[in-house]
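This report concerns only the one structure given below.
The values are calculated or read from the model by the stated rules, or taken from the named source; none is laboratory data. Bear in mind the structure is a predicted one, so any value in this text is a computation, not a measurement. Here the Cβ positions follow ideal geometry from the backbone for every residue, glycine too, while neighbour counts run over all protein chains shown.
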Amino acid sequence: MMTQNGFPVVTALIVLPLVAAAALLFLRREWPVRMVTLAVGILECLLALPLLGYAPNGPAFQFVEQAAWLPALGMTYHLGVDGLSLYMILLTVLMLPLCVLGSWTYISKRVTEFHFCLLLMTSACIGVFAALDFVLFYVFWEAMLVPMYLLIAVWGGPRRRYASIKFFLYTLAGSTLLLAAIVAFRQVGGTFSIPDLMEQSYGFKFQFWAFLAMALAFAIKVPMFPFHTWLPAAHVEAPAAGSVLLAAILLKMGTYGFLRFCLPLTPAATETFAPFMIALSIAGIIYGGCIALGQTDIKKLIAYSSVGHMGFVTLGIFLLSTKGVSGAILQMLNHGITTGGLFMMIGLLYERSHSREIGDNQGLGKFMPIFMFLFGLFSFSSLAFPGTNSFVGEVLVLIGAFQGNTWIGFAAVPGAMLAAAYMLRLLQRVTWGEPSAYKASWKDLGVREWVTLAPLAALVFYIGLAPALAITTIEPSIDRTLAAMHTKNMALGLTKDMPLAERWRLTGPLAVAGVSDFIRKEHP
Amino acid sequence: MSIFALLPELWLLGLVCALFVASVSDRKQSVMSWLPLAAGLGVVAAAVSLGARGEYLYATYKLDALSQFFKLVISFGFAVVAGIASGNKDDKDLTPDYFMLLALSAWGLMLLSSCVELITLYLALELSSYSLYALIPLRGQDRRAAEAGIKYILFGAAVTALALFGLSYIMAAKHTTFIAALAASSWSFADAPLAVLGLTLFLAGFFYKLALFPFHFWCPDVYQGAKNETAAYVATIPKLGAVVVLVRLSAFIAPHLEVTTTLAILGAISMTAGNLAALVQRDLKRLLGFSSVAHAGYVMLGLAAGSAAGMSAAAFYSLAYILMNLAAFYVVCAIAKNGENPSLDDLDGLYRRAPALAMILAIAAFSLVGLPPTAGFAGKLFLLSAAWDQGYHWLVIVAVLNTAISIYYYLGMVRHAYTGESEAPALAQPRGYLIFGGVLAALVLLLGILPAPLYDLAAQAAVHLHP
């Protein structure tokens, strides 16, 4: 295997959880299972430390590892990290020990299998963010579905079967067309290697269909309005750790897919579809906010707020400007931290009150001040309060929006206000509302719970107060992607300032031509 | 002529003879003690003669990369079926003559993979079929077995007649029955309408074996009626025979000829019809029956592509298919009470009653869906690539949409096994038997993670036919 830095860091990050998962099957008691998984989680965090040596202005992909896989079809085992994937990998790695700690008492049945699934998930998620071969990416992308499905179906709430099947069917159905797109890219580009595919230019008709096939898979995963219907069910029924992984990592895969594939591979189609994607994003922001406002189930409220928050992310991406995209990436990270923290806390609350209804969990400020402090912190972060992490991301996206088009900016602003409305309402009732009845089980956070939440709380402040550190790492990668994109688009006569009608006049006739003949004509 | 070149056939023939002696001998002892091992040695024999090349019997019988590849897979499949049956020691139906018929059928399929002349091909096909006609009704006192047997024979006879009729047309039009000579002539409808019609009819015989739409109507009924072990065999190994012949025949059909277009269309209908029908099944064997109709459609992707990549993809996929299907049938046989047909509800709570079986079932099901990293995914990827390369974009889209449809019922199996609750007692399985199933599941995963060695083997076979 060829590696850039000697020690194959990324492979180690992927393989360690797999090996540990296999080892778990031989452990019979619960306690060692939890301890081994926790140890693996901590070890993963330590293993990931070398990734912090990423040089923002160095080569596009660093920590590259390459080995032959299936030479006959041009498939290689190819991993690497750039500014885009770096933070996603770090976030994934961080979530594993937190999820183990967070479910220490929450999960009491089939403990081995639960941790087995957690480890498989971690491995597959790191693989998704690090893969530089299109097939390898798809392998990890799909492999992650199985453990997630089991997490919801086995350890979920009362309607877990319905939710898990809906989740599986939606996401897999979406990504089957992605497979067709991957095959098409190999035929046109002659390789599965993502960096090589990024170098090339493709005819518009091809881009048009490839974009649609890929965007469907990614939009379902994000999920963008109106493909979001699987999300609330999955979130509500999943166990706390499952919700955390869903919110923190899984949803990011969709937006990561847009950034990794749609922007560099189908730049002209992305430019053409950007206004529609922006419209869908804004619809998602407003819709998610409005529905969240009407929820009485705390978990459902946060789930719908995710639809809104992810709307901000996709909005940032399709603004196609450095500000917008860096805001989007930061927001991906922030949403993982904030919503991950919130879901974790709802899990802790549910362990105490056995209810997720706001009405059953009122007046907690009196009994659980530390809990409420942290809950308040994450809630303020969720509504993008200045000084917290989400503020930076959301502001960057909004600045990007106003720079691009004032109307887009104005359309997105109500989303931020809605977020404030539903989060403050939730916070107000949970903290100061009339307690339904005092419950002896309402104990404040213990040490283990503190340890679980402290890293996330620290990150809320760290990114909120010193965002420059993250942004400087991310921006060179974005600039590179956007510059390559605009150069390719210029060659097709497509510019960013072109009004929508003119864009479609240019690209429309090409796009609606027959599906089957596009490769033959453009790539004889 | 080196005797070692024909080692796999001879070994299996020897096995047939030994089983024959065992079935007529007075001492009624079980052959289960030595049969799995002997069948396993057959795999070794096939592996040893993997490099054998040569032509025999007036060039009607040819050893090439393709035939040796398939012989390896057939002997492996036979060994697995023998192994699956070995877990069922107290079944009174599993007599030596049962296994003799099974081995005879496998032997016929081995011969089939080496035949390069249409009449010998036909003979080998019949040899493998006749023992199946006898095998399928062999199931205790079950009336459904008799029904399945009759259906299989009647359908088979009709399709055989059709194939023979087609063969007569080919002979009349082309004046030869050697595939090599046929390959040298044109197969467009404009040049040789009679021959194309004849070929289409001749292919029908193999479509029947493959259970491709519209020759699939026997399939779910026969699976349901046959013994679980027989169903495991009928669902897998004979399909290999069909694939090898189709690969040989379509090697001389260029893409986008009338025949390949027919293959593509039949494939598309087969996938869709099979998957839609499988959605509503409760009987596991019926479900797997309809799923095999769908999988026959997927194989058509490679054959319709008509290129070297398509042939190797079809060969690889049929290997992946028998692996994952055998793993699924292994679980079916293991959970069946007294040889009854298990239904989806019988899978409830399997994770608790037999965790290893549940795991094997999950791997098999996800491989049948085509989820990575399993053999089913690798195979499907090769098929899609091959078909897309030849411009069959619509077929690829139909195939991926069908994958989406099929998720539901495959996932249903996993859902019952992992989330269903049941009061049934734990299923005790002998350790050796579980390890055997575990190896099957591990192979499914291994072939998905590292497909290169076997794909290269399949590619060699295809390049030889499609230079």
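Worth a mention:
- For segment B:418-434, residues that are more than 14 Å from every other protein chain (Cβ to nearest Cβ) and not in a loop (DSSP other than H, G, I, E, B) total 3.
- Entry remark, segment A:250-299: residues being in contact (Cβ under 8 Å) with a residue 12 or more places away in the chain and outside any helix (DSSP H, G or I) number 4 in total.
- In a residue-by-residue description of segment A:199-208, the property of being within 14 Å of another protein chain (Cβ to nearest Cβ) and among the hydroxyl-bearing types (Ser, Thr, Tyr) applies to no position.
- For segment A:203-210, the count of residues that are assigned to a loop (DSSP other than H, G, I, E, B) and either crowded, with 22+ Cβ neighbours inside 10 Å or among the β-branched types (Val, Ile, Thr) (or both) is zero.
- Pair list, Cβ < 7 Å and 6+ apart or interchain, from segment B:17-30 residues that are under 11 Å from residue B:98 (Cα atoms) to residues that are among the polar types (S, T, N, Q) and at pLDDT below 85: B:23/B:95
- Segment B:209-220: number of residues that are crowded, with 24+ Cβ neighbours inside 10 Å and either in a helix (DSSP H, G or I) or aliphatic (A, V, I, L, M) (or both): 6
- Selection count where residues are over 22 Å from the mean Cα position of the chain (by Cα), surrounded by 14 or more Cβ atoms within 10 Å (Cβ to Cβ) and not in a strand (DSSP E or B), scope segment A:48-77: 4
- Any hit, segment B:365-376, residues being at positive phi and within 9 Å of chain A (Cβ to nearest Cβ): yes
- The residues on offer are B:280, B:234, and the sole one that is crowded, with 21+ Cβ neighbours inside 10 Å and not hydroxyl-bearing (Ser, Thr, Tyr) is B:234.
- Filtered by the rule that a residue be of a type in the set (Gly, Ala, Ser) and either more than 14 Å from chain A (Cβ to nearest Cβ) or in contact with a strand residue (DSSP E or B) (Cβ under 7 Å, 6 or more places away or on another chain) (or both), segment B:321-353 gives B:327, B:328, B:334, B:336, B:339, B:343.
- Contacts under 7 angstrom Cβ, first residue in segment A:156-181 being more than 7 Å from chain B (Cβ to nearest Cβ), partner part of a loop (DSSP other than H, G, I, E, B), 6 or more apart: A:156/A:238; A:156/A:239; A:163/A:156; A:164/A:156
- As a summary of the residue check, residue A:190 satisfies the conditions (1) in contact with a Gly (Cβ under 8 Å, 6 or more places away or on another chain); (2) buried (at least 23 other Cβ atoms within 10 Å of the Cβ) except for the one numbered (2).
- Condition check for residue B:391: at positive phi and within 8 Å of another protein chain (Cβ to nearest Cβ): yes
- Candidate set: segment B:435-455, residues that are touching a helix residue (DSSP H, G or I) at 6+ places or on another chain (Cβ under 7 Å) and more than 14 Å from chain A (Cβ to nearest Cβ); chosen: the one farthest from residue B:324 (Cα to Cα): B:436
- First in segment A:417-431 and on the phi < 0 side of the Ramachandran plot and surrounded by fewer than 22 Cβ atoms within 10 Å (Cβ to Cβ), second anywhere and modelled with pLDDT of 90 or more and polar (S, T, N, Q), Cβ under 7 Å, 6 or more apart: A:427/A:379
- Some residue of segment A:114-126 being farther than 23 Å from residue B:419 by Cβ, touching a Gly at 6+ places or on another chain (Cβ under 8 Å) and among the hydrophobic types (A, V, I, L, M, F, W, C): no
- Tally, over segment A:115-155, of residues that are among the charged types (D, E, K, R) and either in a helix (DSSP H, G or I) or facing chain B (nearest Cβ under 8 Å) (or both): 1
- Residues satisfying the stated conditions in segment A:373-390, i.e. on the phi < 0 side of the Ramachandran plot and crowded, with 22+ Cβ neighbours inside 10 Å: A:374, A:375, A:378, A:379, A:380, A:381, A:382, A:383, A:388, A:389, A:390
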